[in-house]
Amino acid sequence: MTADVLVVGAGIAGVACARELVQAGIGVRVRDRARVPGGRMATRRFDGRPVDLGAAYFTVDDPDFADVVDRWHAAGLVRRWTDTFLAYGPDGRRAVPGPLRWAAPAGLRSLVAHLARDLPVTLEEPVTSVGPGPTADGQPYAAVVLAMPDPQAARLLDPALAAATRVVGGRRWSPVLAAALHFPTRRWPDFHGAFVNEHPLLRLVCDDGDRRGDGAPVLVAHSTPEYAARHLTDPAAAGPALAQATVALLELPERPRQVYVHRWTFAAPTATRTEHHHLDDDGIGLAGDAFAGKPRVQSAWLSGRELGRALAARLRPATA
Ligand SMILES: Cc1cc2nc3c(=O)[nH]c(=O)nc-3n(C[C@H](O)[C@H](O)[C@H](O)COP(=O)(O)OP(=O)(O)OC[C@H]3O[C@@H](n4cnc5c(N)ncnc54)[C@H](O)[C@@H]3O)c2cc1C
């Protein structure tokens, strides 16, 4: 099958979009610049053990996404983690009940890999330009989908593609540093995860051994956007301070033996759109977590799925 549609980005939005197109019998190719699919549902292995360095967990309130999660659950890919986090603030800490949070024993990236398992995905192949036609790197397609943060899409789009250029321009995206902290032993009380309010460095700390279910002595700390913005050029240099802040917050008796910091320059949009996707007369589609409500895994999946359906409805008569 030749590719009628090029989907740029093998995060959950791009993969959800491509699945819809394949199901509709439309030729599709997915391209990602990374070595593995997953995007911001990122998992890095340390001595063979996966640690989630992007999304910390996901929640579900959409019935269609719930069906997907049920299938992951039946396949043993996800586990119910917790509905209770701690919240730290200037007045101390308290337990805060919330929605059920889901985690993946093999890391959240494994879920995107599972959704992409029978799709034609080409990795380590960045797209460098998208032009009128539409074309991608000079090659014509019936449509080109950009499923990635707005600033990354903006770099690719020819300004002649005015409608899409307008949509991806203007919205600010905030950064985050994610620090994987490997401790010698597990010496903290059960807390699952902790929101950190009004702290100069920390926004969230999660117990990776608890969420993954293997009890490994690993915490993942997410920085505030402001702190990340000051350390984007040298994220590793922020490691000791993030580790020290986590040790002090949780009153831990020992320091981590290994600290790794991942930089997310475009972690989350500072404002989102309620519409599910963008699809214009130039043949450019946009999907991702800047659409469909709050910037999270479920929104990205919904956005990609809806764009896939809209494209299938547009292209099916021409390809039938
Ligand atoms: C630190 C952090 C914490 C988070 N915590 C949570 C959470 O707890 N719960 C939750 O629900 N969500 C969370 N999120 C958000 C969640 O990860 C995202 O909403 C979701 O993964 C976005 O998916 P996406 O497909 O829209 O984009 P992405 O996952 O960013 O996918 C975009 C893809 O495009 C590729 N790409 C970019 N440019 C090019 C190019 N030129 N050529 C080819 N490929 C390209 C990238 O490599 C990437 O794979 C978090 C995100 C971060 C960063």
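The values are calculated or read from the model by the stated rules, or taken from the named source; none is laboratory data. These numbers come from a predicted model, not from an experiment. Here the Cβ is made from the backbone with ideal geometry for all residues, glycine too, and neighbour counts use every protein chain on show.
A few remarks follow.
- Given (1) over 22 Å from Val78 (Cβ atoms); (2) at pLDDT 95 or above, index of the condition Arg171 fails: (2)
- The residue pairs whose first member lies in the range 97-122 and is touching a residue at least 12 places away in the same chain (Cβ under 8 Å) and part of a loop (DSSP other than H, G, I, E, B), whose second member is surrounded by fewer than 20 Cβ atoms within 10 Å (Cβ to Cβ) and of a type in the set (Asp, Glu), and whose beta carbons are closer than 7 Å, counting only pairs six or more residues apart or on different chains, do not exist in this structure.
- Any chance Gly98 is within 16 Å of the ligand (Cβ to nearest atom), among the small types (Gly, Ala, Ser) and either outside the structural domain of Ala116 (by TED's automatic domain parsing) or at positive phi (or both): yes
- Tally of residues being over 13 Å from the mean Cα position of the chain (by Cα) and either crowded, with 21+ Cβ neighbours inside 10 Å or basic (Lys, Arg) (or both) across the range 264-276: 1
- His278 fulfils the conditions (1) out of contact with any Asp or Glu (no Cβ under 7 Å at 6 or more places or on another chain); (2) within 10 Å of the ligand (Cβ to nearest atom); (3) of a type outside the set (D, E, K, R) except for a single criterion, (2).
- Among the candidates Ala300, Ala310, Ala267, the residue that is modelled with pLDDT of 95 or more, touching a strand residue (DSSP E or B) at 6+ places or on another chain (Cβ under 7 Å) and within 11 Å of the ligand (Cβ to nearest atom) is uniquely Ala267.
- Considering each residue of the range 43-55 in turn, none proves to be in contact (Cβ under 8 Å) with a residue 12 or more places away in the chain, outside the structural domain of Trp81 (by TED's automatic domain parsing) and on the phi > 0 side of the Ramachandran plot.
- In the set Arg230, Arg186, Arg255, Arg211, only one residue is basic (Lys, Arg) and surrounded by 19 or more Cβ atoms within 10 Å (Cβ to Cβ); that residue is Arg211.
- Close pairs (8 angstrom Cβ cut-off, 6 or more residues apart or separate chains): modelled with pLDDT of 95 or more in the range 127-141, in a loop (DSSP other than H, G, I, E, B) and surrounded by fewer than 12 Cβ atoms within 10 Å (Cβ to Cβ) anywhere: Ser129/Gly138; Gly131/Gly138; Gly131/Ala160; Pro132/Ala160; Asp137/Thr128
- Screening the candidates Leu307, Leu311, Leu315 for the property of being assigned to a helix (DSSP H, G or I), under 21 Å from Val69 (Cβ atoms) and in contact (Cβ under 8 Å) with a residue 60 or more places away in the chain yields one hit, Leu307.
- Test for Gly27: is it surrounded by 15 or more Cβ atoms within 10 Å (Cβ to Cβ) and over 24 Å from Ala268 (Cβ atoms): yes
- Qualifying positions in the range 136-172 - within 18 Å of the chain's Cα centre (by Cα), more than 10 Å from the ligand (Cβ to nearest atom) and crowded, with 17+ Cβ neighbours inside 10 Å: Val145, Asp150, Val168
- Counted residues, the range 81-132 - those being over 21 Å from Pro189 (Cβ atoms) and of a type in the set (Asp, Glu): 3
- Sole residue being without any contact (Cβ under 8 Å) to a residue 12 or more places away in the chain and either surrounded by fewer than 20 Cβ atoms within 10 Å (Cβ to Cβ) or touching an Asp or Glu at 6+ places or on another chain (Cβ under 7 Å) (or both), chosen from Ala87, Ala74: Ala74
- Some residue of the range 49-69 being away from the ligand (no atom under 11 Å from the Cβ), closer than 18 Å to Leu202 by Cα, acidic (Asp, Glu) and in a loop (DSSP other than H, G, I, E, B): no
- Of residues in the range 277-298 being surrounded by fewer than 24 Cβ atoms within 10 Å (Cβ to Cβ) and within 16 Å of the chain's Cα centre (by Cα), the one nearest to Arg155 (Cα to Cα): Pro295
- Val22 being over 21 Å from Asp207 (Cβ atoms) and within 14 Å of the chain's Cα centre (by Cα): no
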